[in-house]
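The values are calculated or read from the model by the stated rules, or taken from the named source; none is laboratory data. No experiment lies behind these values; they were computed from the predicted model shown. Here the Cβ is made from the backbone with ideal geometry for all residues, glycine too, and neighbour counts use every protein chain on show. Surface areas here come from the heavy atoms of the whole protein model, side chains and all, with no ligands, DNA or RNA. Shrake-Rupley method; radii C 1.70, N 1.55, O 1.52, S 1.80 Å.
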Amino acid sequence: TKAKAMATALNSGSVYWHGLTKDGKPILWIRCNRKPWYPDVDAEVNALILLADAGIRSMPKDCTDFVCLSDSTSPPPPNPTFMINMLKALVRGYPDRLNMLCSAPVGSIIQFVMNLLLPLMPGRLASKVVLLGTEEMKEKLEDMLHGGKDDIPTFMGGTADHDQYYPIEGSCPNRGEGCLKFDYHGMVERLEAAVREFEANGGAKKEEEE
């Protein structure tokens, strides 16, 4: 069924919301090494839309966009249909919601993907895609993440352990409902808690420090 296929897509733990930037934008993390080699394109796109809607609903007051951070260390072989459909879903549903998409490191597969997709993107979306090397990404994350260096995840060279919340499917306790192992409700609760804390502290850390 459609619901079961979408649960399978979510269970991979390859896409999830976790934490905020210094100026309160929710962060959508993409872990390419968890993506399937032969994706169910419709299910993956539906899962992305479900997650995007959840993140947008949880945004801090006066925040209108989000940031997407991609760990592109070992992506599966490019699947053009999947990538084009994902891009169409983003462009159609959230053209002005995506503030920036940062991807690191820059490998041959990612370059191939971008060469394929950039000509298909509206100009304003193409300008939001940033490809970085591993060290550049760490510097960018330290400047960008709400907790600075402490919020950089282990898979990007930091100490924050995302896997305790979003483990690979094989070691995932059944935190969802039915065939959904992915902790969707926990993800939303953690994001909402981060937003409450952000708002209680008067918003952006940068502004506090200046």
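Things to note:
- Overall form of segment 1-75 per C-alpha gyration tensor (a/c, 1.5; a/b vs b/c): oblate
- Placed amide H near LEU98: partners under 5 Å, 5+ positions off or other chain: PHE66
- Accessible surface of the chain [probe 1.4 Å, protein heavy atoms]: carbon and sulfur percent: 52
- For segment 54-199, the alpha carbon convex hull comes to 142 Å³ per residue, rounded to a whole number.
- Protein heavy-atom accessible surface, 1.4 Å probe, per residue over the chain: 50 Å².
- Computed E for TYR38/GLU139 - FRET, C-beta separation, R0 41 angstrom, nearest 0.05: 0.70
- For segment 29-39, backbone phi angles converted through the Karplus equation (6.51, -1.76, 1.60; θ = phi - 60°) give residue-by-residue couplings of 8, 10, 10, 4, 5, 9, 6, x, 5, 10, x Hz, Gly and Pro being listed as x.
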